[in-house]
Each structure stands twice: as C-alpha cells, then as structure tokens.
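K.L.:
What follows is a structure written as structure tokens; I'll ask about it next.
The values are calculated or read from the model by the stated rules, or taken from the named source; none is laboratory data. Values in this document were obtained by computation on a predicted structure and should not be read as measured data. Glycine also receives a Cβ, built like all others from the backbone with ideal geometry; neighbour counts cover every protein chain displayed. The protein model used for the area step is the full one, side chains on, heavy atoms only, and it has no ligands, DNA or RNA in it. Shrake-Rupley method; radii C 1.70, N 1.55, O 1.52, S 1.80 Å.
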Amino acid sequence: MQSTERSVQEILATYNDAAPLSEASTIPAPWYVDARIADLETQSVFGKTWQLVGRIEQVEKPGQFVSANVAGEPIVVVRGNDGVLRAFFNVCRHHAAKVVTESCGQASLLRCPYHGWNYGLDGSLKGMPEFDGVKGFERQQNGLLPVKVDTWEKFVFVNLDPQATPLHQFLGGLVKRVAPLGVAKLHYFDSRIYDIHCNWKVFIDNYLDGGYHVPHLHKGLSSVLDYKEYTIENEDRYCLQSSPMVSSNEDAATGATRKGDRAWYFWQYPNLMINCYEGYMDTNLVLPVDVDHCRVIFDFYFGDVSEAAQAYNQQSVAVGARVQDEDLGICEDVQRGLKSRAYGAGRLSVRREAGEHLFHRLLAADLKVALGRTAVAAD
C-alpha cells in the first residue's frame, strides 16, 4: 500500500518505538518516501534542534558573518562590535529579500541588496533610503529578528525554537566524551559537498549501523579497524561508535592517513557526525533537501595545516572522499529499494545497530509530539 493512501498519523503509528532492540524493527519505508513526513521533520526536528551552521574561526572578529539555511529558513550569524555573537533571520523587514547573500565574509553593516535597507551588526535597522513621509513606522520595531545562537568546541550552532534548551544541555554527555580528544587544537583544511539521491535518514542509518557494512563496502577502511572489538555506546541524544586501530598494508593510503590507537565516530541527533583519528577530524552535516534528496557537507581538520603537510592532508581527504563515494552508491540504491512493494521494514542487529535504534526512537518521539501539537491546534 502506498503511503499516500494513509494519514500521517497512521504512518507514524506503524512504528513501535517502545520495542527493545532485540525485538525492534527499523522505522517503516513510508517514513523515508512520504513528503508529508519530510515536511513534519522540517518543522519538528530541524526547526527545534541545535543545528551546526559554521566554525567559530569564521566569526571571531567584529563584522565577520556566516549564513546558512536551517529548516527552510535563511539565517545569518554575525559578531558584533561589542564582541557578542548574534544570529538573525536573514530576511529584510522591508520586502523579505536576503540581507546577506554571501556564505561568509566581513562587513561593517548588513545591507540588503534589494532596496538598500541596512542593519547594524546588532540587528538594529540603521537606514531606509527614500522612506520619508511613511506614517506609523517605528524603526526600533523593524530590526532583524533574532535567533538563538551558541558555540561548542570549534563550532557555531543556532536553534530556531525560542524555547529551546541550552546547547550544552542538548549535547548532553557528548561534551565530556569529545573533550579529551583535543579537537580544539585541530585546524580547518578543506570541505567537500555531496548531493545524494536519498532521504537524509538513509545516510544516518548507514552511518549508525555499527560498522556492519564496513567489511563489505569499505575494504580500505576495514583494513585498519579491529572490527571484532568495535563498540557502540548510546547516551542522551548521541551515539559513540569506536574501534581499536590496527596496522595494515592492504591499503597504503588508508593505512598512512588513518592513524592512532583508536577511531572515534560520534553521531549527535539528528544530523551531525564527528569522526576522529590521531591528528585528524572530519565532520559530516546531513541536510535534507526534499524527501528523496539530501546534501552532506564534509569539513576536514588536521593538527598540521602547514605547507609541508599539504600533500599528506590532501591524501587524507582523498581517502575520505573514496569512502564517501562507496557510501553514496549504496544509499541511493537503498532509497530506490524503500519504494519497492517488496519492502516494509527490516529487523536490527543487536550486536551492530543499537545506534540506529536510538536514532529511530528519538525521531519517533519528536514526530509524535509534533503531530500531537498539530492535533491540539486543530481542535
């Protein structure tokens, strides 16, 4: 039966989020292919969770800014002349154009390119060309509308929900688990962006399968991980997957660039991954585009980004890109399979897929709360 024949409430009800891992199934196929579910996620998941939008180094100085789209909303984050970091809806109060059109930069004023309205770094409206004679207009009431913003480690986050819990409370135990790894000492090196023909949850599922697919899909990566000792820990809204590292000559590039005693793979609900090896980190930010497409932004960090380290760092990025290419094909294949009449839902490996189980239960909780709010509002 196609998901469009059922209500959103009926679709959500097909998943039992109370089932223990040993009895659990994945979220059902319609959750990945029904546009109404995607719309609900935009509002109730991405519109109410802390979302990564940039790096602290991009907004260290007065006037430095980054812009992003969060849950369909244009956002700008800027450092004020007073040193305070602020975030705003990047929407001019005149005729709704984007005030900031660049992804990052530095400015003394935020000037809308449409009609020249300009705003201070604190969001206040400073000037409106040819606006004399307009009655009942209060400049003080027409500044950019604020958004919650905060930082953690090297990262800048925003949250569209005015009632959101503080960032560090949202991150929970992740803060203490990441702290010993010293990621603040690493330096940004490069980015890669992938547009993938799959629902964003397919990519998250693939990441959270506890290394289940690694021996089969990622031969190079598998050669440096002690797969039998791979561990999965769930807490709060994050999952930590970790594995001892082993020496290997099977894949020279992977062996040369993935070093250390242990590999650390963190996932923070709903869509952020942080992967750490010795002297290296990459972050994966998964952004839904529509029900069938997502964009994944990879940022790469190294302990040494000097000229002497360029070749090594580029080789490491290439290893990451190869792993991503391997994942891309299988994720797109899964998205096609989710539309088949032959598939409804799958069971989970108790040994490997505890992280995926956590993800599905957190998502189900948010969607059901949102649906409940919608039902109350409709009464």
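K.L.:
Inspect all residues belonging to the range 318-340 and state whether any of them is open to solvent by 20 Å² or more (accessible area, probe 1.4 Å) and outside any helix (DSSP H, G or I).
P.N.:
Yes - at least one qualifying residue is present in the range 318-340.
K.L.:
Does residue 195 fit the bill of being assigned to a strand (DSSP E or B) and under 30 Å from residue 69 (Cα atoms)?
P.N.:
So residue 195 passes the test.
K.L.:
Mind listing whichever residues of the range 89-114 are assigned to a strand (DSSP E or B), open to solvent by 10 Å² or more (accessible area, probe 1.4 Å) and touching a Leu at 6+ places or on another chain (Cβ under 8 Å)?
P.N.:
89
K.L.:
What number of residues within the range 160-192 satisfy the criterion of being basic (Lys, Arg) and either assigned to a strand (DSSP E or B) or touching a strand residue (DSSP E or B) at 6+ places or on another chain (Cβ under 8 Å) (or both)?
P.N.:
Matching residues across the range 160-192 total 2.
K.L.:
Report yes if some residue within the range 164-186 is under 17 Å from residue 296 (Cβ atoms) and open to solvent by 60 Å² or more (accessible area, probe 1.4 Å); otherwise report no.
P.N.:
Looking through the range 164-186, none of the residues is under 17 Å from residue 296 (Cβ atoms) and open to solvent by 60 Å² or more (accessible area, probe 1.4 Å).
K.L.:
Follow-up question, since we're still on this one. Among the residues of the range 302-325, write down those that are farther than 29 Å from residue 42 by Cβ and not small (Gly, Ala, Ser).
P.N.:
Once the filter is applied, which keeps residues that are farther than 29 Å from residue 42 by Cβ and not small (Gly, Ala, Ser), the range 302-325 yields 302, 304, 305, 307, 310, 312, 313, 314, 315, 317, 319, 322.
K.L.:
Hey, any hits in the range 74-81 for a residue that's modelled with pLDDT of 95 or more, more than 25 Å from residue 137 (Cα to Cα) and loosely packed, with under 14 Cβ neighbours inside 10 Å?
P.N.:
Yes, the range 74-81 contains at least one residue that is modelled with pLDDT of 95 or more, more than 25 Å from residue 137 (Cα to Cα) and loosely packed, with under 14 Cβ neighbours inside 10 Å.
K.L.:
Right, here's the next one. Checking residue 224 against (1) among the aliphatic types (A, V, I, L, M); (2) under 28 Å from residue 294 (Cα atoms); (3) open to solvent by less than 10 Å² (accessible area, probe 1.4 Å); (4) at pLDDT below 95, which single condition isn't satisfied?
P.N.:
So the condition that residue 224 fails would be (2).
K.L.:
Between a residue in the range 67-96 that is closer than 25 Å to residue 129 by Cβ and of a type in the set (Gly, Ala, Ser) and any residue that is part of a loop (DSSP other than H, G, I, E, B) and open to solvent by 30 Å² or more (accessible area, probe 1.4 Å), which pairs come within a Cβ distance under 6 Å, given they are 6 or more apart or on different chains?
P.N.:
Short answer, once both residue conditions are applied: 67/103; 80/122.
K.L.:
Is at least one residue of the range 120-128 crowded, with 17+ Cβ neighbours inside 10 Å and on the phi > 0 side of the Ramachandran plot?
P.N.:
Checked against the condition, which is being crowded, with 17+ Cβ neighbours inside 10 Å and on the phi > 0 side of the Ramachandran plot, the range 120-128 yields at least one hit.
K.L.:
Only one of these conditions is not met by residue 210: (1) at positive phi; (2) under 14 Å from the mean Cα position of the chain (by Cα). Which number is it?
P.N.:
Failing condition for residue 210: (2).
K.L.:
Sticking with this one: What residue, of 312, 301, is touching a strand residue (DSSP E or B) at 6+ places or on another chain (Cβ under 6 Å) and of a type outside the set (Val, Ile, Thr)? Step through it out loud before you land on a result.
P.N.:
Numbers: 312 fails: touching a strand residue (DSSP E or B) at 6+ places or on another chain (Cβ under 6 Å).
301 is the lone residue from the list that is touching a strand residue (DSSP E or B) at 6+ places or on another chain (Cβ under 6 Å) and of a type outside the set (Val, Ile, Thr).
K.L.:
May I ask you to list the residues in the range 74-91 that are touching a strand residue (DSSP E or B) at 6+ places or on another chain (Cβ under 6 Å) and under 20 Å from residue 290 (Cα atoms)?
P.N.:
Scanning the range 74-91 gives a single hit, 75.
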